[in-house]
Amino acid sequence: MKNSILLFILAFPTFLFAQEIKKAEPLVTPQIAERKITVGGENAEISGFNNQSIQYAIDAIEKTGGTVLLNPGLYEITAPVRLKSSVSLVGSGKETVLKRSQGVQTKYIIDADYGELKITVENPEGFEIGMKVQVTDDVNNGCWNVSTAYITDIVDNVIYIDKGLIRDYRSDLNGFISNASSVIEVIEAENASISNLVIDGNREDNFFADGCNSAGVLILRSKNIIIDNVQVKDFNGEGMSWQITENVVVKNCEIWGCGNTGLHPGTGSPFTVIENNDVHHNDRDGLYICWRVYQSRVTGNQFHHNGRFGLCTGHKDTDVLFENNHIFNNGSDGVHLRGERESNAPHRNTFIGNIIENNGTDEGGYGFSINSPAADLLLKENIFKNSLKTQKAAVYIYKSGLKPNLENNQFDEHELGEVVFEEKQ
């Protein structure tokens, strides 16, 4: 009996503790409402109509995420708006316009060397602290040979920048520094979006911006980014460029009047979706799929009245579905598969239900030209129209190309024929 009482006494605290746990309410994580900040006008939380005001709002919710709402108005952009992770930038439709300010450019008068953080220029007038600049010469003037950085200070005719130059640039080879840069940039971010606004590149008043480093919208080293219902017009460079990305979606957008290509995914950008866009009247290609864009989808778009190709693809751009696109009235080929070695060719791509019409308006071209040994290329239920007689052949296969698998396609009459092989020498 004594032993039983002793055991009960020893166990009593544990018994009470167990009872407390049983009665305790489960922990509830409080729900935090998504943060929203409005920009533009007297009734907005941030009243300014410029990139500084937009950036202030984005930075204010960077840690928590949320939405920056841009009211109708014209926003002056002197440096790129930099979107951050988990932030949505939402305009008020066509009444929200982000417009590039005046471009400025000058020569540098001393060579600008690799790693250098200052540039001695001929005339610093027009440059401002906080601007983003690009540095080039005749040898290093494209893609990953172009240096970009932000101005940190200007003293007399010396411009100081925040990031070391990536090449040796020579002043005697037309070395220039300009403020050519993007309107919106998404760099090293994820789970962000841009929607319902207009980007005006103000092309006539700006210098040409390199497409791997700048665009109307530039996405770099980022993932899970959505661009929806955004119009990019008259940007002196590429309309939208995304490089080294995953899961980028561009949908319901219009890109036109740009000084280079309309859309440019590349440098390893798998799982891209390009859907229901209207891409037209750009100086170069409507869609230029660069390197290693695989397992992606291009559906329901219009690519038309572009200076060169409607759609161009090549280096390791594999396993892409092109469906229900209308590709018409482009200057050269409607669809152009670039020349690549067999190991790097655009294998296993599928074109279904596209209308390829009246391309080659600038002295002729082909509806579909194949310049590399792309294996397992399927053309199914496409319609090749040629009422203007500008497409010399519906499908033209160069000596280095392979014949695609053809299923139930429809062909208008073409001067050289429907499916034509280049004559072997």
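The values are calculated or read from the model by the stated rules, or taken from the named source; none is laboratory data. This structure is a prediction, so every number in the text was calculated from the model and none was measured. With ideal geometry, Cβ positions are generated from the backbone for all residues, glycine too; neighbour counts draw on all protein chains shown.
Key figures
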| item | result |
| --- | --- |
| Scope segment 167-212; condition among the charged types (D, E, K, R), crowded, with 19+ Cβ neighbours inside 10 Å and assigned to a strand (DSSP E or B); matching residues | 185, 200 |
| Segment 292-314 residues that are within 20 Å of residue 268 (Cβ to Cβ), paired with ones that are of a type in the set (Ser, Thr, Tyr) and assigned to a strand (DSSP E or B) (beta carbon under 7 Å, 6 or more apart) | 312/288 |
| Selection count, segment 372-423, where residues are under 19 Å from residue 354 (Cβ atoms) and basic (Lys, Arg) | 4 |
| Residue in segment 326-345 that is farthest from residue 298 (Cα to Cα), counting only those that are of a type in the set (Asp, Glu) and part of a loop (DSSP other than H, G, I, E, B) | 340 |
| Residues of segment 372-419 that turn out to be in a strand (DSSP E or B), over 16 Å from residue 337 (Cβ atoms) and either among the small types (Gly, Ala, Ser) or modelled with pLDDT under 95 (or both), as a count | 1 |
| Segment 93-144 - residue that is within 20 Å of residue 235 (Cβ to Cβ), of a type outside the set (Ser, Thr, Tyr) and in a loop (DSSP other than H, G, I, E, B) and, of those, nearest to the chain's Cα centre (by Cα) | 142 |
| Residue within segment 107-126 that is under 22 Å from residue 219 (Cα atoms) and of a type in the set (Gly, Ala, Ser) present | no |
| Members of segment 354-363 found to be crowded, with 16+ Cβ neighbours inside 10 Å and assigned to a loop (DSSP other than H, G, I, E, B), listed by number | 354, 358, 359, 360, 361 |
| Pairs, first outside the structural domain of residue 250 (by TED's automatic domain parsing) and farther than 16 Å from residue 134 by Cα in segment 196-220, second modelled with pLDDT under 95 and in a loop (DSSP other than H, G, I, E, B), C-beta under 6 Å, six or more apart | none |
| Residue satisfying all of: in segment 213-222; over 16 Å from residue 55 (Cβ atoms) and not hydroxyl-bearing (Ser, Thr, Tyr); surrounded by the fewest Cβ atoms within 10 Å (Cβ to Cβ) among these | 221 |
| Positions within segment 167-195 being without any contact (Cβ under 8 Å) to a residue 40 or more places away in the chain and in contact with a strand residue (DSSP E or B) (Cβ under 6 Å, 6 or more places away or on another chain), in sequence order | 188 |
| Subset of segment 241-257 (residues that are surrounded by fewer than 24 Cβ atoms within 10 Å (Cβ to Cβ), among the aliphatic types (A, V, I, L, M) and either more than 11 Å from residue 227 (Cα to Cα) or at pLDDT below 95 (or both)) | 244 |
| Yes/no for residue 293 being assigned to a strand (DSSP E or B), modelled with pLDDT of 95 or more and among the aliphatic types (A, V, I, L, M) | no |
| Residues located in segment 358-389, provided they are over 21 Å from residue 320 (Cβ atoms) and either in contact with a strand residue (DSSP E or B) (Cβ under 7 Å, 6 or more places away or on another chain) or outside the structural domain of residue 283 (by TED's automatic domain parsing) (or both) | 358, 360, 364, 365, 385 |
| Scope segment 52-92; condition among the hydroxyl-bearing types (Ser, Thr, Tyr), over 21 Å from residue 190 (Cα atoms) and assigned to a helix (DSSP H, G or I); matching residues | 53 |
